[in-house]
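Encoded as structure tokens, the structure appears first; notes follow it.
The values are calculated or read from the model by the stated rules, or taken from the named source; none is laboratory data. All values reported here derive from a predicted model rather than from experimental measurement. Every residue, glycine among them, receives a Cβ derived from its backbone with ideal geometry; neighbour counts consider all protein chains shown. Remember, those area values only see protein heavy atoms, side chains included, never the ligands or the DNA or RNA. Shrake-Rupley method; radii C 1.70, N 1.55, O 1.52, S 1.80 Å.
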Amino acid sequence: MSRGSRALSVYIDEASTPYVSESKRVTRATSVLDEIGDNTRKNRYSRLLSVSNDDDAQTTPSYLTSRRSSLAPRATQSFLDRDDSNDYTKSSYTRYTDSTKDEETKPTEFKSRFLNRDKENDVNGDSSHTTRRSSIFENGSSYQRRDYTRTYGGRTEAADTDSYKSPYSYQNGHSKDEVDIGGGSSSSSDTSGGLGGLKNLGNTCFMNSVIQCLSNTRELQDYVTTDQYTSDINTTNSQMKGSLVKAFATVVKNLWKPNARIVDPSSLKGAIQRFAPRFSGYNQEDSQELLRYLLEGLHEDVNRVTVKPQPIHTEIDSNISVHEQAMEAWKRYLRRDDSKLVDIFVGQLKSTLRCSTCDYESVTFEPFWDLSLPIPSRSGEMSLNDCLEAFTKEEVLDGDEMPTCARCKTRRRCIKFYSLYKLPRVLVIHLKRFSPTERFRSKLSTTVNFPLTGFDVAKFSDSKGRTTYSCYAVSNHSGTLYSGHYTAYAKNPRTSEWHYFNDSRVSKSSSSNVISNEAYLLFFELL
């Protein structure tokens, strides 16, 4: 591309001195850029900042005009003058600000501005991503058009525009025929609520994915949307004094409004980063880490324990039954941590040590908010049961790892294994896709198959009660260890329909799309 001369002229004030009786003053900046592309042509971009006239009202111009024009890298606006041959688009900021004419003769007013321009490298190598809002006003009527281009995890996603579609607008088996519910299109099927999209604030897709999964958690959604949480707010020991759960409740309520569209989670993100400063800024983060911190913060805000007693560190009497030991361990946990979040999400793991010499077994119990399961195979397909078997398989503790046997009173070679003892109402499973290798860390692309209904964990549990779960949400991660994007699938607890959540975009989905090699966090509810 050849470029011609570029001229910049500024007229600061046509009255050269204060003694000149020139009443008209002009502030003007002008630039000229010509010879763009193969055809020589001259484009003039002028900036008329202000015009004023000191004469009487008879000579005052009827319009005061402010106009700015610029030459910008290609913006995704179909109504602008685009020249595909030179990678430049004429983009303007134009505003006619005042008029003394009658209202019926007032010309069309056009307002357009670039809100931000992120400099994130996407997978297509395009480093310029623009958010633009435009409005047209004519004779008192307004016609609004919004065009969004966002960057997250190295990808660009366009929404709410018919003239531009991102290559990532439809993925994981979604077709263009699917109804775009949360991206701005109206739909008669979204009156039940829960179908609002979430604005991406800049690499916050990891947070949006988790929020959508939690928003479709039946008990939690009901707890915050009906304001039950307000009577549980702990202002004594909570670090956030209830501000985190209030911000979370506001977002969920907005998502569950009938005909909800795009919800801004800025206040919730601000509360999260005040509770956990590691999430400050707009870096790419891990959705499982965000989930743990968010649940912990929500729990603290509604902890029923207002005065925490000192923790009990003494060992539980091993002479009582295993069930009694489990009950004592759970009682000790609830002395300090007791909330609706605990009721929903927390289960209890049983860890067993068996002495290889005397076969004596000692047990300990610990609470868990989610289960991090290994993926035994690096590629291909396997079942979620395979991952649970890898998690609960026996591990030999020998050499420097040998524990002391309570019966032998000396260090012995022991076998250690886990089992699920107290099952939570909502079981969250974290698939450890980012596993270390000998020389580097990489992401495992294995497809883990699991039943959406009738997932029975009795084989891995000592629980005497219900052991069957149904999957209702999945947080997905696409991309690599260092750059990627989070989305979510969730089943509406009111309609039992599956939907796909991609930041601001929400579309209907089939249950057949839920299982993929991108599944990262799995949410199951106890039947």
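A simple charge model with +1 on the Cβ of Lys and Arg, -1 on the Cβ of Asp and Glu and nothing else charged puts the dipole of the range 211-360 at about 480 debye relative to its Cα centre. Computed extension length for TYR482-SER377: 35.7 nm, one decimal, from 0.36 nm per residue of separation with the Cα-Cα distance subtracted.
Ordering 391-401, 511-521 by mean Cβ neighbour count within 10 Å, with the highest value first, yields 511-521, 391-401. Once divided by 2.2 N^0.38 Å, the Cα radius of gyration of the range 425-499 becomes 1.38. Between SER356 and THR250, residue separation times 0.36 nm minus the direct Cα-Cα distance comes to 32.7 nm. Judged by the ratio a/c of the largest to the smallest principal axis of the C-alpha gyration tensor, the range 195-289 counts as oblate, that ratio being 1.5 or greater while a/b is no larger than b/c. Multiplying the residue separation of ARG274 and ILE320 by 0.36 nm and removing their Cα-Cα distance gives an extension gain of 12.2 nm.
If R0 is 25 Å, the Cβ-Cβ spacing of SER267 and SER512 corresponds to a FRET efficiency of close to 0.10. Measure off, as a whole percent, the carbon and sulfur share of the 1.4 Å-probe accessible area of the range 186-293, all protein chains present. Answer for the range 186-293 is 45 percent, counting heavy atoms of protein chains only. Pairs of lysine residues in the range 293-440 that meet both criteria, 8 or more places apart or on different chains and Cα atoms under 20 Å apart, total 12. The order of LEU444, LEU201 by accessible area, most exposed first and with a 1.4 Å probe, is LEU201, LEU444. Taking every Cα-Cα distance in the range 341-464 and sorting them into 10 Å bins from zero, the calculated P(r) comes out as 12, 34, 33, 19, 2 percent.
Counting only protein heavy atoms and using a 1.4 Å probe, the accessible area of GLU328 comes to about 60 Å². Report note on the peptides 236-242, 310-316, 488-494: ranked by the mean count of other C-beta atoms within 10 Å, highest first, their order is 488-494, 236-242, 310-316. Highest average first, the peptides 371-377, 297-303, 466-472 ordered by how many other beta carbon atoms sit within 10 Å of their residues are 297-303, 466-472, 371-377.
Summarise the long-distance tail of P(r) for the range 398-527 by giving the % of C-alpha pairs beyond 24 Å.
Percentage above 24 Å: 48.
The Cα atoms of the range 256-394 cover 62, 51, 32 Å along the three principal axes, with the biggest extent listed first. Element breakdown for the range 380-499 at a 1.4 angstrom probe: carbon and sulfur atoms account for 46% of the accessible area.
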